[in-house]
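The values are calculated or read from the model by the stated rules, or taken from the named source; none is laboratory data. Because the structure is a prediction, the values reported are computed rather than measured. Cβ atoms come from the backbone with ideal geometry, glycine included; neighbour counts cover every protein chain shown.
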Amino acid sequence: MPDVGRLLREKNIIFVTLALALVFYLISPRFLSLDNMSAISRQIVPIGLIALGQFFVVVSGNIDLSLGMGSVLWAIVLGVFFGLTGGVALGIVAVIAFSLMAGFFNGVMVSKLKLPAFIVTLSMLFVAQGLSGLIIPRGQQIFLMGGFFKFVGAEKFMGFYWSFLFLVALYLAAYIVYNHTRWGAYVIAIGNSEENARLAGIKVDRVKIGIFMFSALCSGFAGIILSSRMGFVQPGLDGNGLLLDGIAAIIIGGVLILGGRGTIGGAFWGLLFIGVINNALNLLNVEDVWHQVFKGTVILAALGANWVLWQSRQIEAQ
Amino acid sequence: MKLKTMTAGLALATAFGAGAALAADDTLDIVFINDGHVAPYHVAWLTGFEDAIAAYDKAFEDVKVSGRWLSAEGSLEKMIQQTEVTINERPDVMFVNAINVDAFEPLVAKAQAEGITWIAVHSPMESADYSFTLGDVANGTNQGMAMCALSKGEPFKVGVMLGQAGNPSGEARREGILKGIATCDNVEVVAEQPADWDTVKAQTIAENWFTQYPDLNAISGVTDAYMYPSIAIATNAGNTDIQFYGYDGDIPIIQQMESGQVMADILLSGTREGWNFVQMAYRIHKGETPEKVYDFFTPLVLTEENHKIALEHGFPEDVQVYYVPQALEVAAKGYLEFGPDSVK
Amino acid sequence: MMTSTATLASGTPKKAIDSLMLRYLVLIGLIVIASVGFSIANENFYSLTNIGILLRSIAVLFLLAMGMTFIMLTGGIDLSIGSNVAFSGAVGVLTLVTTGSAALGFATSILAGMLIGGINGFFIGRLKLSPFMVSLATYALARGLALVLYDANSINVDNAAFLWLGGVSWGNMPVVIPFVALVFIALSVLLYQTPFGRDVYAAGANANTAFVLGRRPERTLVWVYVLSGALAGLSAIITVGRVSSGQPWAGLYLEFDAITAVILGGTSLFGGRGKLLGTILGVLLYGIIINGLVLTGTNPYLQSLIKGLILLGVVLLDTLTQKGKAA
């Protein structure tokens, strides 16, 4: 009996998401149709990539505000290379290389120079926004045609979009790294106390740089997938919306923002929750002005729930 | 280190501003303050404006034509600041695409006191010298009536994608589209949703509609920005039966009419509008007085074949229609209608 | 690291002030350089009218940035202030429209601002949750409530008393500027002359030590966010006066402008270090740059790039000078 209570508390996000899905299903039976599930699975991919990158940053006790606008910039880099060469290979290489470099830069600023991650990544948000318009001739659109974009944006394997399978694979890999490697343990240790981590002989700076490189790479992947799905790129895409949804997903998934806590599974369920909400607000024709109220309330409630959970754990521990 | 970055930034900024001064005997300085600069329509608009300024300056020996545009990036406070600063610069003509006209009433008086001609863009203002309007309701009605005619009396389901809640252009276009659709009984609006002028949001909405309403026949939008991502989703899903009804006259969208996915569009064309601004300013400068409420000429675009079908199904004969080749020509080349030759 | 900041805060206050003084001199220098640069590019820059425009356009930013300074001194952040300007403005304007009383409108606007601040303060101070996350939630919530209250449309305001503060100028001097100066003096007294002000610095220098010393950072934190909310409510009144209407999208992006200005002004994001004077200089410098970029008609993408580089440059400078001192 106490086990059930504990399960309900610890895995609350799973039950909430499932309950919500049931409610939406009762209102609109089409909500649980295969088509709609598959639509949700595709819509969450860019958010999911950014959330995964943010997960490691947040668990280590930092924040990366540049991920959303970054993914818009990377989408445009891909588009510009496609426009110049007519092919994708060089563009992909460029996105991966540049995003890793940007992450390295963020990491060095935060670890070696001890600058606050909030400010560094906020500046990078502005820089990415500026570059996204400056590198594309007169701000025009570039259309992306060809097999690669169709494959990434729309092809399925056994009923699942490839992009979704890629996301799942990345979460699985992250799960293994986070739970079963020393690097994962280092991330948690740094989030709990950087001093102690340093005293324990962990090369804190190097781990931090790695974290920011990984998060930037995730935003590079998000840019590639976003642009493939859209079939064109343009500077005005809403990068900050992606960033906020990504952060909301991991808060709802129970990642404690002060660092050192959180599970990959929780982040994934938080992501599904965001996907379900975004989809259902559309399907149910909820008036637009209520969307923000709804999201803000949900995030506050999730924060409150995390707090209650944390308190009860403290009591259990005593 | 920081000093270097700062001065570099300032030097860059200075370099950008340098082109404005220099005196000639007769000068015409035009400033265009817009609410944004990133949507495809905005990009074409500002580009057309820049090109037209350069062309007019080159074409007329006796007048030095100069101009610049500013983007408020969606922020009302920023737009007010930009307008105040610009009034203090005393240009000859200001085009202001006000985010909210009520907030700009006091500034119109201030500008006029400085001898500046104020042209309200899209949302008309009583106090402004001129208002440059689009006829959004009439255009929307044409789009809706085209849908009625092209559905040939069969049962027909459509989803309408709206602008940001409260935006006057978006509201007027919506009103028109619904009015046009109401002229027949067979077309049913199954969903309406604002996509906030945002392409990513539009794509999500389109995808959700396709699953929610598998028998959806068409998507109608108040801007072509919604068409690109919606068409991409439909094409990738192999759904070629769905029809699209656009608004803006973006060239890539008109081009997709021949393949039969896009059925109708409204030929604003940002490029044309930018050129028309400069032509209007020049005419005023030369002492002409345009209509106080100047209506931008915005025909409906159809293929010739579809126009015939539409006429057979009760589409009114008096609605002005451009066919695709003509629309493409005019949309791309703003100087055909509004270039220096049009006022020589 | 922890001990070193603690000693810096309590043991050697003189040194900390010296480095801040240096910072202010640098800021004043930058303000001069920027002004000269822009006045070369555009002769109108120095005109009295332009200075009036400049001051009026940053009046709201002065208030919000001072509130943000208190918060950042405690090591926190408040992302909700921009949305809060829209929300508290909505409450104020609707009260004005329904009751016809400007005084009630002022009061409810400020109370509504304090309400959002109170929610932030409760979650951040009492529940010890992350300021970033909590204020991110209220950022969405307050904007959403503003949209709902206005039903996404603007409301015209023609009550002269309500519009006075934000709308009226004496010659080229907007009346709001002396008002901002009064608020600055009041907040300076609060921060430097009262136990509350000492608690703010203590809470930022080290939350645990402050608790041990019998100061209750919880309560201080709650009040700091309420203060920031009240300033947002005040800013809402000024904004309504400036645009003679209530606007659902008022205050967009102001939180980032305020944070940038406070950082420029030398307040540390880690808390415990900084002064209101620095914030005033930071807002001035930021306002001059934005005004100059408008005057010169700079491409907005280039503006973003410049903004990002300046922000990064300033924190870099901070760290480098701090490091030089330590060595």
**Asked** Just checking, how many residues over the stretch C:219-231 are at pLDDT below 95 and surrounded by 18 or more Cβ atoms within 10 Å (Cβ to Cβ)?
**Response** 2
**Message:** Checking the conditions here, which among B:N100, B:N88 is of a type in the set (S, T, N, Q), farther than 21 Å from B:N167 by Cα and touching a helix residue (DSSP H, G or I) at 6+ places or on another chain (Cβ under 8 Å)?
**Reply:** B:N88
**Fill in**
Selection over the stretch A:182-234 where residues are among the polar types (S, T, N, Q) and within 14 Å of chain B (Cβ to nearest Cβ) yields a count of 3
**Request:** Identify, from the list A:G210, A:G270, A:G231, the residue that is touching a residue at least 12 places away in the same chain (Cβ under 8 Å) and farther than 30 Å from B:P229 by Cα.
**Result:** A:G210
**Message:** I'm checking my understanding of the structure. Among residues of the stretch A:279-303 that are more than 20 Å from C:N84 (Cβ to Cβ) and within 13 Å of chain C (Cβ to nearest Cβ), which one is modelled with the lowest pLDDT?
**Reply:** A:D288
**Request:** Collect the residues in the stretch A:132-149 that are in contact (Cβ under 8 Å) with a residue 24 or more places away in the chain, more than 14 Å from chain C (Cβ to nearest Cβ) and part of a helix (DSSP H, G or I), keeping them in residue-number order.
**Result:** A:F148, A:F149
**Request:** Please find, within the stretch C:142-190, the residue that is surrounded by the fewest Cβ atoms within 10 Å (Cβ to Cβ) out of those that are assigned to a helix (DSSP H, G or I) and aromatic (F, W, Y).
**Result:** C:W164
**Fill in**
Picked from the stretch B:202-220 (must be small (G, A, S) and surrounded by 21 or more Cβ atoms within 10 Å (Cβ to Cβ)), the residue modelled with the highest pLDDT is B:S220
**Asked** What's the number of the condition B:G67 fails, among (1) crowded, with 22+ Cβ neighbours inside 10 Å; (2) away from chain C (no Cβ under 14 Å); (3) touching an Asp or Glu at 6+ places or on another chain (Cβ under 9 Å)?
**Response** (2)
**Complete:** If we ask which residues in the stretch A:198-223 are touching a Phe, Trp or Tyr at 6+ places or on another chain (Cβ under 7 Å) and either among the aliphatic types (A, V, I, L, M) or farther than 27 Å from A:I96 by Cβ (or both), their number turns out to be 5
**Complete:** Only one of B:T199, B:T223 is at the interface with chain A (Cβ under 8 Å from one of its Cβ atoms), touching a helix residue (DSSP H, G or I) at 6+ places or on another chain (Cβ under 7 Å) and buried (at least 24 other Cβ atoms within 10 Å of the Cβ), namely B:T199
**Message:** One residue is enough: does the stretch B:253-267 have a residue meeting the conditions in contact with a strand residue (DSSP E or B) (Cβ under 8 Å, 6 or more places away or on another chain) and assigned to a helix (DSSP H, G or I)?
**Reply:** yes
**Message:** Just to check your reading of the model, which residue among C:L317, C:L311, C:L295 is surrounded by fewer than 23 Cβ atoms within 10 Å (Cβ to Cβ) and not acidic (D, E)?
**Reply:** C:L317
**Request:** Would you mind finding the one in A:G153, A:G184 that is closer than 22 Å to B:I233 by Cα and surrounded by 18 or more Cβ atoms within 10 Å (Cβ to Cβ)?
**Result:** A:G153
**Message:** Suppose we keep only residues that are part of a strand (DSSP E or B) and aliphatic (A, V, I, L, M) within the stretch B:80-135. Which one would you say is surrounded by the most Cβ atoms within 10 Å (Cβ to Cβ)?
**Reply:** B:V96
**Message:** When you check B:G159 against the structure, is it out of contact with any helix residue (DSSP H, G or I) (no Cβ under 6 Å at 6 or more places or on another chain), among the small types (G, A, S) and not in a loop (DSSP other than H, G, I, E, B), yes or no?
**Reply:** no
**Prompt:** So is B:N186 more than 10 Å from chain A (Cβ to nearest Cβ) and at pLDDT below 95 or not?
**Reply:** no
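Yes or no, residue by residue, for (1) modelled with pLDDT of 95 or more; (2) within 11 Å of chain C (Cβ to nearest Cβ); (3) assigned to a helix (DSSP H, G or I):
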position: A:I96; (1), (2), (3): yes, no, yes
position: A:L100; (1), (2), (3): yes, no, yes
position: A:F105; (1), (2), (3): yes, yes, yes
position: A:M109; (1), (2), (3): yes, yes, yes
position: A:K114; (1), (2), (3): no, yes, no
position: A:S123; (1), (2), (3): yes, yes, yes
position: A:A128; (1), (2), (3): yes, yes, yes
